[in-house]
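The block underneath contains the structure these notes are about, expressed in structure tokens.
The values are calculated or read from the model by the stated rules, or taken from the named source; none is laboratory data. All values reported here derive from a predicted model rather than from experimental measurement. Note that each Cβ is placed from the backbone with ideal geometry, even for glycine, and that neighbours are counted across all protein chains shown. All accessible areas refer to the heavy atoms of the entire protein, side chains included, with ligands and DNA or RNA removed. Shrake-Rupley method; radii C 1.70, N 1.55, O 1.52, S 1.80 Å.
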Amino acid sequence: MDLRQMEYFLAVVDCGGVTRAAAHLQVAQPSLSQAVRKLEKSLGTELFHRVGRGLVLSPAGEALVGPARAILRDVESAENAVRNVGAMRGGSIDIASLSDLSSDPLSVWVAKFRQRYPDVRFRIEDRDEMSDVVSLVRSGACELGILSLPLPTDELEGEALIDQQLVLVCPPGTEERWPSPVPIESLSRVQFVMGERGTATRDFIEQSLRERGIEPEIAVEVRQRGAVLPIVLAGGGVSIVALRSGLDAMMRGGVVRELAPGLTRSMGVVHRPGRITVASAEFVSCAKASIADFARSVDDYMKQGLSLVDAAKVTRDEGDRVMRELTREMHR
């Protein structure tokens, strides 16, 4: 049984006969009659009693009318939903992300996307382990994964999005203690506040420092990543965080410094092999545009003599101002 046969069956019912149904559907009468007979054969029962030159619904035919209408309504609803998603008037995007990347930069990309497409919903699963992000994407529970590169598996497809800048955040009032930029070799015997051992971010930072001959001294290890900056700002030690997180600390009085040489990690988006949905593809495209705009603005300000941190702060402040204006416009 297929949808066309169901449509033809209901047309015969609604039009009261094959001839009028064929004219209504603009199909040849023999084709319609053949489709109805195939439907009866597949169901193993007559749907109509042939009475003279007319048709009368059999008990089986009467039982099929309601379910047939429901099936065609569901199909139409599904088609409309797909069209709406294609036009960004609905649908959802499920994303798995490393925990620290969900706050920066994923949260920024999601906010900007929803300003443009407010009817698209998001579900974000954040995980501390790369393997957990990969598992969510590989299983189909999430369509996209945001993680650091290189990819830990050949089973997923992906591409690089951004080289995330990392900076040193120090307690308020320590400006004179830290030059700009801070040589990485000077971080020997400095007390660090870091997230839990074994998480992707901590592993990356420790490995990067050790590659430069620095064995980090962990003074405070905290499971909740959101507690790292408050502990630093209260004087509990220093930490290495993403640039945007550093700007948040800067707004609260923290001292933020670039590192020399600079410390970056590549991050990207992954998905299962094959095409992704229209909404997810547009989200990735918008994320790339956001990255390019931010990088271009930072580069322009650095050419004017600002440091990386100061250029990023001005750029973010401008972006926040534009976002507030757009939000006000949407709610007028």
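Selection of first residues in segment 190-207 that are among the polar types (S, T, N, Q) and of second residues that are open to solvent by 40 Å² or more (accessible area, probe 1.4 Å), restricted to Cβ pairs under 6 Å at least 6 apart or on distinct chains, gives the following pairs, ordered by first then second residue: Gln191/Glu217; Gln191/Ala219; Thr199/Asp128; Thr201/Asp100.
Taking segment 2-17 as the range and being open to solvent by 30 Å² or more (accessible area, probe 1.4 Å) and assigned to a helix (DSSP H, G or I) as the test, the residues that pass are Leu3, Arg4, Glu7, Val13, Asp14, Cys15. Out of Ile146, Ile124, I need the residue that is open to solvent by 60 Å² or more (accessible area, probe 1.4 Å) and at pLDDT 90 or above. Which one? Answer to the selection: Ile124.
Taken over segment 24-62, the criterion of being open to solvent by less than 80 Å² (accessible area, probe 1.4 Å), assigned to a helix (DSSP H, G or I) and either touching an Asp or Glu at 6+ places or on another chain (Cβ under 7 Å) or farther than 16 Å from Gln5 by Cα (or both) is satisfied by Glu40, Ala60. Conditions first: (1) of a type in the set (Val, Ile, Thr); (2) within 12 Å of Pro172 (Cβ to Cβ); (3) open to solvent by 50 Å² or more (accessible area, probe 1.4 Å). Thr264 passes all but one, so which condition is the exception? The failed condition is (2).
Of the residues making up segment 190-217, those that are more than 11 Å from Ile240 (Cβ to Cβ), open to solvent by 50 Å² or more (accessible area, probe 1.4 Å) and not basic (Lys, Arg) are Gln191, Glu196, Asp203, Gln207, Glu211, Gly213, Glu215, Glu217. For segment 282-301, the condition holds for no residue, the condition being that it is more than 30 Å from Asp94 (Cβ to Cβ), open to solvent by 40 Å² or more (accessible area, probe 1.4 Å), assigned to a loop (DSSP other than H, G, I, E, B) and modelled with pLDDT of 90 or more.
Name every residue in segment 15-41 that is closer than 20 Å to Val51 by Cβ, out of contact with any Cys (no Cβ under 6 Å at 6 or more places or on another chain) and small (Gly, Ala, Ser), in order of residue number. The answer is Gly16, Gly17, Ala22, Ser33.
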